[in-house]
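A.B. asks: Please see the structure below; I have some questions.
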Amino acid sequence: MELGDGGAASRPRVDKEVDFANYFCTYGYLYHQKEMLSDRVRMDAYYNAVFDNAAVHIRDKVVLDVGTGSGILAIWCAQAGARKVYAVEATKMSDHARELVKANDVSDIVEVIHGSMEDVVLPEKVDVIISEWMGYFLLRESMFDSVICARDRWLKPDGMMYPSHARMWVAPIRSGLGEQKKNDFNSAMADWHSFVDETQAHYGVNMGVLEKPFHEEHEKYFLQTSLWNNVHPDQIVGSAALIKEIDCLTASVEEIRTVHAEFSSKIGADRTLVSGFAGWFDVHFRGNSKNPATRDVELTTAPSAEDCTHWGQQVFLLHPPIRANAGDVVGVRFVMSRAKQYHRLMDVEITTTVRTSGGKSLQPRSSKFFIE
Ligand code: SAH
């Protein structure tokens, strides 16, 4: 893979084959598309956004679906009265999309195009760009780059984005996962020590010199990798902070390349452990200022007792956890940037400072994470 300055759009250049092997390949499987198609929160939001605003946004319009996958969003747009829908898909899922389009009698409206959005040439500009581009904690996968590229090339000046806005949130949580991961790490290290002893006894070679890299490797795996989790709202122990707002009509790649936020969260519960932080996102379908939505639909992936999504939340665990009381304030500096090795994965650094309700300040602590 080659990383560098990608010129006008200043996107890092990534070898296409590497990107296909690491990223696109899973989208070529129906089981993966089915997982997304079975996510009721996701499906209901897009369905309601398209059909409840059909009269003002979709009817007689030209629509571009970036990353059509199975073709579902393109089919809905056709059913909602679009004049034409261009449905672009990079993987061979495009064959299934074409079949589905035909079986649902919208082939005269939906044109499935197999190719990368970055390479596709359309015969006309479009009124609406619809896309489900959101990855874990919104930005993992960096697919929004492709939507930006499509927007800058193919959206009419008064066109609109579906969704139109996105936001990222972070809140302190308590979770049993912290202790579990620490125990897993300790077991892996205990096992390493037995392995070193046994290898010396049976095979006469001392492996001890490799302890440090083994420790580092496992620390990264068990303690510094964020986790997918369905957090229950009761696990949230302090106020949630809005750390990023994106206007999909105007955002640039530069704007989403890093997320940098500083915020304070007031702890609500007494004698609690802050095990770490949960991150999630929401998106809205508001149309644009000239042509606002008749119904502002929200798709949220916030912790919920009832409505879980396939995105869940990303959990960043602190080792050791912070002991806190009601009224204590946790100051957080949150920095997320693209992983150097691969632009679709993320590095996160979280620095916490605690100010107790009694006015005492504790030493700042910094933790690094990898969203894989
Ligand atoms: N729109 C579908 C699928 C969403 S998943 C749905 O809502 O169910 C995202 C899809 O976008 C995947 O199928 C992926 O292969 C495709 N994709 C991602 N980046 C792309 C790009 N640059 N060009 C074309 N397709 C892309």
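The values are calculated or read from the model by the stated rules, or taken from the named source; none is laboratory data. All of these numbers come straight from a predicted model, not from anything done at the bench. Backbone-built Cβ (ideal geometry, glycine too); neighbour counts: all protein chains shown. Quick note on the areas: whole protein, heavy atoms, side chains included, nothing else; ligands and nucleic acids left out. Shrake-Rupley method; radii C 1.70, N 1.55, O 1.52, S 1.80 Å.
A.B. asks: Only bridges with both residues in segment 74-233 count here: give the DSSP antiparallel percent, nearest 5.
C.D. replies: Numbers: 1 of 10 bridges.
Around 10 percent antiparallel, to the nearest 5.
A.B. asks: Using the Cα centre of segment 14-164 as origin and beta-carbon charges of +1 (Lys, Arg) and -1 (Asp, Glu), tell me which of Gln79, Val110, Gly135 is placed farthest towards the positive end of the dipole.
C.D. replies: Gln79
A.B. asks: Next question. Given a 1.4 Å probe, how much area per residue of segment 177-223 is accessible, in Å²?
C.D. replies: Details: 3320 Å² over 47 residues.
With the other protein chains kept in place, segment 177-223 gives 71 Å² per residue.
A.B. asks: Here's something else I'd like to know. Within a Cβ distance under 13 Å of Gly331, other residues only, what is the Lys/Arg minus Asp/Glu net charge?
C.D. replies: Local charge sum for Gly331: +2.
A.B. asks: Taking 0.36 nm per intervening residue step and subtracting the Cα-Cα distance, what contour gain separates Glu35 from Glu111 on full extension? Don't skip to the end; give the middle numbers.
C.D. replies: On the way: separation 76, 0.36 × 76 = 27.36 nm, distance 2.41 nm.
Going from the current span to full extension adds 25.0 nm.
A.B. asks: In addition: What's the ranking of 288-297, 357-366, 151-160 by average number of surrounding C-beta atoms within 10 Å, highest first?
C.D. replies: Working: 288-297: 14.3, 357-366: 10.3, 151-160: 16.4.
Sorting 288-297, 357-366, 151-160 by mean packing, highest first, produces 151-160, 288-297, 357-366.
A.B. asks: Tally up the carbon and sulfur contribution to the accessible surface of segment 86-149 as a whole percent, 1.4 Å probe, everything protein left in place. Write down the numbers at each step before the final one.
C.D. replies: Values: 1170 of 2400 Å².
Carbon plus sulfur share of accessible area: 49 percent.
A.B. asks: Out of the total accessible area of segment 281-358 (probe 1.4 Å, heavy atoms of protein only), what percent is carbon and sulfur?
C.D. replies: Values: 1550 of 3240 Å².
Heavy-atom surface of segment 281-358 belonging to carbon and sulfur, 1.4 Å probe: 48 percent.
A.B. asks: A further question on this structure: Measuring from label point to label point, each 7 Å out along Cα→Cβ, what is the Gln180 to Glu372 span in nm?
C.D. replies: Between Gln180 and Glu372, the label points sit 1.7 nm apart.
A.B. asks: By accessible area of protein heavy atoms, probe 1.4 Å, what ranking do Glu219, Glu198, Glu89 get, highest first?
C.D. replies: On the way: Glu219 60, Glu198 105, Glu89 10 Å².
From most exposed to least exposed: Glu198, Glu219, Glu89.
A.B. asks: Mind checking the full-extension length gain between Glu216 and Arg59? Use 0.36 nm per residue of separation minus the Cα-Cα distance, one decimal, nm.
C.D. replies: Numbers: separation 157, 0.36 × 157 = 56.52 nm, distance 5.64 nm.
Fully extending the segment from Glu216 to Arg59 adds 50.9 nm.
A.B. asks: Please report, as a whole percent, how much of the solvent-accessible surface of segment 177-223 comes from carbon and sulfur atoms (probe radius 1.4 Å). It would help to have the intermediate numbers written out before the result.
C.D. replies: On the way: 1750 of 3320 Å².
The value for segment 177-223 is 53 percent carbon and sulfur by accessible area.
A.B. asks: Here's a follow-up. Could you calculate the contour length gain from Thr351 to Ser239, that is, 0.36 nm times the residue separation minus the distance between their Cα atoms, to one decimal place in nm? Write down the numbers at each step before the final one.
C.D. replies: Numbers: separation 112, 0.36 × 112 = 40.32 nm, distance 1.69 nm.
Difference between extended and current length: 38.6 nm.
A.B. asks: Here's a follow-up. Rolling a 1.4 Å sphere over the protein heavy atoms, what is the accessible area per residue of segment 25-129, to the nearest Å²? The partial results should precede the final answer.
C.D. replies: Numbers: 4580 Å² over 105 residues.
About 44 Å² of surface per residue is accessible.
A.B. asks: Return the distance in nm (one decimal) between the two label points of a simple spin-label model at Asp158 and Asn325, each offset 7 Å from Cα along Cα→Cβ.
C.D. replies: A separation of 6.2 nm, rounded to one decimal place.
A.B. asks: Over the chain, what is the relative contact order in percent, taking alpha-carbon pairs closer than 8 angstrom and at least six residues apart?
C.D. replies: After rounding, I find 17 percent.
A.B. asks: Quick one: grab the alpha carbon gyration tensor of segment 14-164, order the square roots of its eigenvalues as a ≥ b ≥ c, and give me rounded if a/c is under 1.5, else prolate or oblate depending on whether a/b is larger than b/c. Can you show the working numbers first?
C.D. replies: On the way: a/c = 1.39, a/b = 1.26, b/c = 1.11.
Rounded shape, in that the Cα axes give a/c under 1.5.
A.B. asks: Further question on the same structure: What is the magnitude of the charge dipole of the chain about its Cα centre, with +1 placed on the Cβ of each Lys and Arg, -1 on the Cβ of each Asp and Glu, and no other charges, expressed in debye to the nearest 20? Walk me through the numbers on the way to the answer.
C.D. replies: Details: 40 positive and 51 negative charges, 197 e Å.
Roughly 940 debye for the chain.
A.B. asks: Note down the nm distance, to one decimal, between modelled labels 7 Å out along Cα→Cβ at Asp197 and at Lys340.
C.D. replies: About 3.8 nm, to one decimal.
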